[in-house]
Amino acid sequence: MSEAGAIPGQSAQTSPSGAGQPAIVLDRVNKWYGAIHVLRDISTSIAQGERVVVCGPSGSGKSTMIRCINRLERHEEGRIIVDGIELTDDLRALDQIRREVGMVFQQFNLFPHLTILENCTLAPVWVRKMPKKEAEELAMSYLRRVRIPEQAHKYPAQLSGGQQQRVAIARALCMRPKIMLFDEPTSALDPEMIKEVLDTMIELAETGMTMVCVTHEMGFARQVADCVIFMDRGEIVERGTPAQIFEDPRTERLKLFLSQILRGH
Amino acid sequence: MKSAQIDPVPSVAGTTAVGAVARERPPAAVLGPWPWIRRNLFASWWSTAITLALGYVLARWAVAFFDWAFVNAVWSVPYNAEGVPDTASCRTAKGIGACWAVIGDRFRFILFGRYTYDQQWRPAVCVVLFLALYGISALRQFWRRELLLIWLVVLAIIGILMWGGVFGLPYVPQDSWGGLPITLILATFGLAVAFPLSILVALGRRSRNLPAVRALCIGYVELIRGVPLISVLFMASVMFPLFMPEGVNIDKLLRAQIAIILFAAAYLAEVVRGGLQAVPTGQYEAADALGLRYWQKTRLIILPQALRLVIPPLVNTFIGFFKDTSLVLIIGIFDFLSAGKLVLSEPAWQGFSSEVYLILAFVYFCFCYAMARYSRGLEREFGAAKRR
């Protein structure tokens, strides 16, 4: 198939070394901002198809952790292995990982000088070397999936926040990633728009995508997460199923956090 | 749209009701010239006084200028047997009327300097080519790869026309070039080369991974910014040949051209850097996360946004350098301004500087104003995409 040629490794959900291999492995990862120790001995493993929600108070290092997974931040110690490839200073490995890892940001970060369609086709055309026509068809199929195909020729500033975030999800999906990272995707949205974005994410979760999602939306976590990671002060404090985390917190720190966010709701 | 479906209440309470009373336009502002004049010029007694006083001064000046420039002007002068103009009528009219005869008599010298007289159609064609090149480059439908090719071809043609020596065109040494083509060559080549160079320098100065490149770019910008253009031109024309091996001599115009390029690039680099800094970090991160390489990210995401942000200061610098090319007169290159000055040093036309400078200023103004208008158009066009 021509598609398989254009997108190396795409069909190989099982590659490079078998289905049992975890999608992401973090092994004693440490990071400092100056003298501040922001990630302390983070070790965890995320299986393929697993949906992980990362929560914790602000400044707990959860954003920093997922930004290390595609090296928007550099970790200083430890090992990060994504899809069987270790993240190092090797740019080729980094390129390969970024191709397979999509990311959605709190501030959407759509490219304001490009139309919605161009936002979605840019990376497939330039990174995957996909023919423009094919990339446009792909983009339209994802825009239909996030239910905004009619906005394809508008510019980002003409869309609402919720629509922009759905475009950002479609843009990341156009690279057909194996893993999707969400960095507080609903935190910058007006309350009435949060639901449309969460609905899109729930639909995505149902397709079996590996997802790592930093969010405060506990309803979302209960509904779709296989596993919740609670972080505080740069450490993973607890990890468990949503039921374990929300109904049976073991540490005082998690109990305190849960009582605070529940009071807020 | 989706929001329309999940939102039934406002469609009854809000939309329809508003629709019934909605008007096509907001209430019209008071229109027409008279209300405008009343509001802006005669709103109070002191506003009225200032309007009248300024109006009087302006009217007096306009009438005086009209008398000088048109009514009492001398449009041509007779020539004596040797072909030397007899400027007696101009001298009697001096102070009362303009002597446009100086322009009529010497316009070809002002435009083309000492370029071989009967070959002056060649620089004239060059000027037209330059104008056509600007015109094509200004149109967005021509912003394609082929435009670069057009530029190279046109610049080659201009070189052939100016120098000659091939295709039966007599050779004209660079020393005798002058006038408007010199100004356009220096400004066009200067900015066309300096602009890409400045982008590289700006990127280099922001580079975090290449400290040596970064240091080099900082050193270059600070060094050039720290010295006046005149001294760089002097160095290019006087000192540079001293360091060259015997017998090697680079054309004086080329040396001045390089000096202008290096100088303009340093200034433009700082403007571009300002734009690069104004692009939010999220844009860099989104491009990285999608897997774009450094140059893809820079070319497709960062520069288009950065350059749009800095159109006003960029054009400001362009206009400044267009006029600064006139400084080459101090190293003996006869650009448009110096050709005008040369006319004023001729015995027949000494003392008619107002007329000559007025015309020179008018031509410079036309070029600079065209740039300014064009940049405003660009801003509007790019702004339209960002507005809701």
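Overview of results
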{"quantity": "Identity of the residue in the stretch B:280-293, surrounded by fewer than 18 Cβ atoms within 10 Å (Cβ to Cβ) and farther than 13 Å from A:ALA123 by Cα, that ends up nearest to the other protein chains (Cβ to nearest Cβ)", "calculated": "B:GLY282"}
{"quantity": "Check on A:GLN164, surrounded by 21 or more Cβ atoms within 10 Å (Cβ to Cβ), free of Cβ contacts under 8 Å to residues at least 60 places away in the same chain and farther than 17 Å from A:VAL101 by Cα", "calculated": "yes"}
{"quantity": "Single residue of A:ARG253, A:ARG239 found to be in a helix (DSSP H, G or I) and either modelled with pLDDT under 90 or closer than 21 Å to A:ILE42 by Cβ (or both)", "calculated": "A:ARG253"}
{"quantity": "Matching helices (runs of 4 or more DSSP H) fully within the stretch A:48-136 where at least 3 residues are farther than 15 Å from A:LEU181 by Cα and either open to solvent by 10 Å² or more (accessible area, probe 1.4 Å) or touching a residue at least 40 places away in the same chain (Cβ under 8 Å) (or both)", "calculated": "A:91-100, A:116-126"}
{"quantity": "Selection count where residues are closer than 13 Å to A:ASN109 by Cα, open to solvent by 10 Å² or more (accessible area, probe 1.4 Å) and away from chain B (no Cβ under 12 Å), scope the stretch A:167-183", "calculated": "0"}
{"quantity": "Set B:PRO241, B:PRO170, B:PRO245, B:PRO181: member being outside any helix (DSSP H, G or I) and either open to solvent by less than 70 Å² (accessible area, probe 1.4 Å) or closer than 30 Å to A:ASP90 by Cβ (or both)", "calculated": "B:PRO170"}
{"quantity": "Any chance A:HIS153 is farther than 30 Å from B:TRP295 by Cβ and either surrounded by fewer than 22 Cβ atoms within 10 Å (Cβ to Cβ) or without any contact (Cβ under 8 Å) to a residue 60 or more places away in the chain (or both)", "calculated": "no"}
{"quantity": "Scan of the stretch A:208-221 for residues that are surrounded by fewer than 16 Cβ atoms within 10 Å (Cβ to Cβ) and either in contact (Cβ under 8 Å) with a residue 24 or more places away in the chain or more than 24 Å from A:ALA47 (Cα to Cα) (or both), ordered by number", "calculated": "A:GLY208"}
{"quantity": "Hey, B:LEU133 assigned to a helix (DSSP H, G or I) and touching a Cys at 6+ places or on another chain (Cβ under 6 Å) or not", "calculated": "no"}
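Here is a yes/no grid of residues against (1) over 30 Å from B:LEU378 (Cβ atoms); (2) surrounded by 12 or more Cβ atoms within 10 Å (Cβ to Cβ):
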| site | (1), (2) |
| --- | --- |
| B:TRP46 | yes, no |
| B:GLY83 | yes, no |
| B:VAL102 | yes, yes |
| B:VAL125 | no, yes |
| B:LEU133 | no, yes |
| B:LEU148 | no, no |
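Here's the yes/no breakdown for (1) at pLDDT 85 or above; (2) open to solvent by less than 20 Å² (accessible area, probe 1.4 Å); (3) in a helix (DSSP H, G or I):
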position: B:ASN316; (1), (2), (3): yes, no, yes
position: B:ILE319; (1), (2), (3): yes, no, yes
position: B:THR325; (1), (2), (3): yes, yes, yes
position: B:GLY340; (1), (2), (3): yes, yes, yes
position: B:VAL343; (1), (2), (3): no, yes, yes
position: B:ALA348; (1), (2), (3): no, no, yes
position: B:GLU355; (1), (2), (3): no, yes, yes
position: B:ALA361; (1), (2), (3): yes, no, yes
position: B:GLU381; (1), (2), (3): no, no, yes
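The values are calculated or read from the model by the stated rules, or taken from the named source; none is laboratory data. These figures come from a predicted structure and were not determined experimentally. Every residue, glycine as well, gets a Cβ built from its backbone with ideal geometry; the counts of neighbours run over all protein chains shown. Ligands, DNA and RNA are excluded from the accessible area calculation, which covers all protein heavy atoms including side chains. Shrake-Rupley method; radii C 1.70, N 1.55, O 1.52, S 1.80 Å.
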